[in-house]
Amino acid sequence: MKRVLVLGCTGSIGTNAINIINYMPEEFVLCGVQAHSSKDKLEEISSKYKCPSLLTSEKKSEQELKDFIEQCKPDIVVNGISGAAGLNPSKLVLENGIDLALANKETIVMAGPLIKNLAQENGAKILPVDSEHSAIFNLIQSVGKENVNKIIITASGGPFRTLTKAELEQVTVEQALNHPTWQMGKKITIDSATLANKGLEVIEAAHLFDVTSDKIEVVVHPQSLVHSFVRTNDGMLYAQISEPDMKHPILNALTWPLNKPNYLEPFDIFDKTMTFFRPRIQDFPMLSYAFECVKFGKAYPIAFNAANEVAVNAFLEEKISFQAISRIVRSVLDKNWNQKISNFKDVFKADEAARNYTAELI
């Protein structure tokens, strides 16, 4: 039986992870829960699932989080924290040699090489929970890394994939938060609408699977049934297909390397329609900026993530327009981010500089 600690337990990933643990008590026990500031919800979860260890991370020191992780004694940690705030917890988990079920893509975007080295040094595994990266991870396991010619990441296209450039200028916050396929938090929902989320996934895939930007493609797939493809050297495409439900990739990470029977409904292929389109890069430029950041490396991915987080928050507060998000990120990336990233201190320094500059622009 695996002891599971859930970070970001009140969000979409955390809620689904706890659902799995609840329905599979013979496989998992919830040993700890963490949320940023939702103390009432934490106590409710703790009581309902008889989980003795809980932590609100608001205004908590790194040492307190480290002590909390050690106190819970988890076999695996689900990191469902949103944004750059998830990096430090990932670092602490891996420093303790604990396997990491990672939904926080910013961990890899900001510090991919450092995080992977940390996992290797401490004998811990990083198991991707993003549905796309979970799919790629499993497909590569099936066909063999040496046989993969290209990774093809699917994107829903968000709520605005058919809008004209002029219509995009008039988008409201309410419209942007109305995703047609997935139920997610506000920040990731906006990222899906701008395709910044897919951009972050491109950077994450490059680091996780050690591939260059020319080995990654993005295809818009509105039904979100294919969670990603790999193309093998012989030109064949292999896909992972399931309903757009985050329980599948979470469960896969929790049970890896085994593939266990579970309570989730198997995918029914009948009466399904699947369509695929090229992304409209000109109208949704955040995706092309992410490919640039993969090529440039250094602090560019950190600046991309930081600028986007600050700009999205400004949009949610109705300080800027929807289209201004990408224009602001472009302006930030036009600065020089060629500084070498040798340690986590460098990561946080570049992150702070990018956030400050973005705030000044806004």
Which members of the stretch 47-83 meet the condition of being open to solvent by 20 Å² or more (accessible area, probe 1.4 Å), in a helix (DSSP H, G or I) and either out of contact with any helix residue (DSSP H, G or I) (no Cβ under 7 Å at 6 or more places or on another chain) or at pLDDT 95 or above (or both)? 47, 48, 63, 64, 67, 70, 71
Among the residues of the stretch 24-46, write down those that are out of contact with any Leu (no Cβ under 9 Å at 6 or more places or on another chain), at pLDDT 90 or above and not acidic (Asp, Glu). 25, 29
Conditions (1) at negative phi; (2) hydroxyl-bearing (Ser, Thr, Tyr); (3) touching a residue at least 60 places away in the same chain (Cβ under 8 Å) -> residue 192 fails only (3)
Tell me yes or no: at least one residue of the stretch 275-293 is assigned to a helix (DSSP H, G or I), free of Cβ contacts under 8 Å to residues at least 24 places away in the same chain and either over 30 Å from residue 343 (Cα atoms) or aromatic (Phe, Trp, Tyr) (or both). no
Among the residues that make up the stretch 252-269, is at least one of them in a helix (DSSP H, G or I), over 16 Å from the mean Cα position of the chain (by Cα) and surrounded by 22 or more Cβ atoms within 10 Å (Cβ to Cβ)? yes
The correct count of residues that are open to solvent by 60 Å² or more (accessible area, probe 1.4 Å) and under 29 Å from residue 353 (Cα atoms) in the stretch 104-120 is 2
Just to be sure before I move on: is residue 37 of a type in the set (S, T, N, Q) and either touching an Asp or Glu at 6+ places or on another chain (Cβ under 6 Å) or part of a strand (DSSP E or B) (or both) in the structure I sent? yes
Name every residue in the stretch 295-309 that is crowded, with 24+ Cβ neighbours inside 10 Å and of a type outside the set (Phe, Trp, Tyr), in order of residue number. 299, 301, 302, 303, 305, 306, 307, 308
Please indicate, with yes or no, whether at least one residue in the stretch 94-103 is part of a helix (DSSP H, G or I) and either open to solvent by less than 10 Å² (accessible area, probe 1.4 Å) or among the small types (Gly, Ala, Ser) (or both). yes
Do you know which residues across the stretch 1-22 are under 18 Å from residue 245 (Cα atoms), in contact with a Lys or Arg (Cβ under 9 Å, 6 or more places away or on another chain) and open to solvent by 60 Å² or more (accessible area, probe 1.4 Å)? 22
Residues located in the stretch 23-45, provided they are closer than 20 Å to residue 58 by Cβ and buried (at least 23 other Cβ atoms within 10 Å of the Cβ): 32, 33, 34, 35
Please pick out the residue among 91, 116, 105 that is farther than 24 Å from residue 16 by Cα and within 17 Å of the chain's Cα centre (by Cα). 116
Selection status of residue 115, closer than 27 Å to residue 58 by Cβ, assigned to a helix (DSSP H, G or I) and either touching a Ser or Thr at 6+ places or on another chain (Cβ under 8 Å) or in contact (Cβ under 8 Å) with a residue 60 or more places away in the chain (or both): yes
Taking into account only those residues within the stretch 312-324 that are closer than 22 Å to residue 87 by Cβ and more than 18 Å from the chain's Cα centre (by Cα), which is most open to solvent (accessible area, probe 1.4 Å)? 316
How about the stretch 146-203: which of its residues are buried (at least 18 other Cβ atoms within 10 Å of the Cβ), in a helix (DSSP H, G or I) and touching a strand residue (DSSP E or B) at 6+ places or on another chain (Cβ under 7 Å)? 198, 201, 202
Of the residues 127, 139, which is of a type outside the set (Gly, Ala, Ser) and either farther than 26 Å from residue 107 by Cα or in a helix (DSSP H, G or I) (or both)? 139
Selection over the stretch 204-248 where residues are part of a strand (DSSP E or B), open to solvent by 40 Å² or more (accessible area, probe 1.4 Å) and out of contact with any Phe, Trp or Tyr (no Cβ under 7 Å at 6 or more places or on another chain) yields a count of 3
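The values are calculated or read from the model by the stated rules, or taken from the named source; none is laboratory data. This is a predicted model, so every value here is computed, not measured. Counting neighbours? That spans all protein chains shown, and the Cβs are built from the backbone with ideal geometry, glycine included. Accessible surface is based on the protein model in full, side chains and every heavy atom, while ligands, DNA and RNA are left aside. Shrake-Rupley method; radii C 1.70, N 1.55, O 1.52, S 1.80 Å.
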